[in-house]
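Notes follow once the structure below has been shown.
The values are calculated or read from the model by the stated rules, or taken from the named source; none is laboratory data. Being a predicted model, the structure only gives us computed values, none of them experimental. With ideal geometry, Cβ positions are generated from the backbone for all residues, glycine too; neighbour counts draw on all protein chains shown.
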């Protein structure tokens, strides 16, 4: 997929996390998480700019998703640390999930293409659903539209739950 498709996949993957955060009344972290997710959505494709790293190689693996999740999890923990241990832990978990989902959604979107991915590394299985070529504008815009709808729907649901509980 190209950028628009990856942004859509990231929003689609993040929508459940946003719903949970908003349902708990954590509006600022929900919006921040969306921005982080969108910011990370195309990070795996930086491999195309680094000599010696094959495209859809190490940056398109579950291990890379976990690594990015650990980095964003540490950030979430540190940002929430001033609010006590329970919220620091929640911030860390939310940060981890946000980073891992951003990279995982990229991998999943690339699995839709004929080129596919090897999410467990070069010696692991190859996955390709062959739905559309990466450059297919209809597929990219469709995925973007689906992601936007999911994010808006998740936002409305989470906000509605918070209001009903509140």
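Each row is one residue, and each column tells you yes or no for (1) at pLDDT 95 or above; (2) loosely packed, with under 15 Cβ neighbours inside 10 Å; (3) more than 19 Å from residue 147 (Cα to Cα).
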| site | (1), (2), (3) |
| --- | --- |
| 5 | yes, no, no |
| 18 | yes, no, no |
| 24 | yes, no, yes |
| 33 | yes, no, no |
| 66 | yes, no, yes |
| 71 | yes, yes, yes |
| 78 | yes, yes, yes |
| 102 | yes, no, no |
| 106 | yes, no, no |
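Can you confirm whether residue 22 is touching a residue at least 60 places away in the same chain (Cβ under 8 Å), over 15 Å from residue 94 (Cα atoms) and part of a helix (DSSP H, G or I)?
Values: touching a residue at least 60 places away in the same chain (Cβ under 8 Å): yes; over 15 Å from residue 94 (Cα atoms): no; part of a helix (DSSP H, G or I): yes.
Here the answer is no, as residue 22 does not meet what is asked.
Among the residues of region 106-156, the ones that are more than 19 Å from the chain's Cα centre (by Cα) and part of a helix (DSSP H, G or I) come to 3 in all.
Which is in contact with a helix residue (DSSP H, G or I) (Cβ under 9 Å, 6 or more places away or on another chain) and closer than 16 Å to residue 2 by Cα, of 122, 135, 102?
Details: 122 fails: closer than 16 Å to residue 2 by Cα; 135 fails: in contact with a helix residue (DSSP H, G or I) (Cβ under 9 Å, 6 or more places away or on another chain).
Checking each option against the conditions leaves just 102.
Looking for something within 20 Å of residue 8 (Cα to Cα), touching a helix residue (DSSP H, G or I) at 6+ places or on another chain (Cβ under 7 Å) and free of Cβ contacts under 8 Å to residues at least 24 places away in the same chain - is there at least one such residue anywhere in region 73-87?
Of region 73-87, the ones within 20 Å of residue 8 (Cα to Cα) are none.
No, the conditions are met nowhere in region 73-87.
Checking the conditions here, which among 46, 17 is part of a helix (DSSP H, G or I) and within 27 Å of residue 162 (Cα to Cα)?
On the way: 46 fails: within 27 Å of residue 162 (Cα to Cα).
Only one candidate qualifies: 17.
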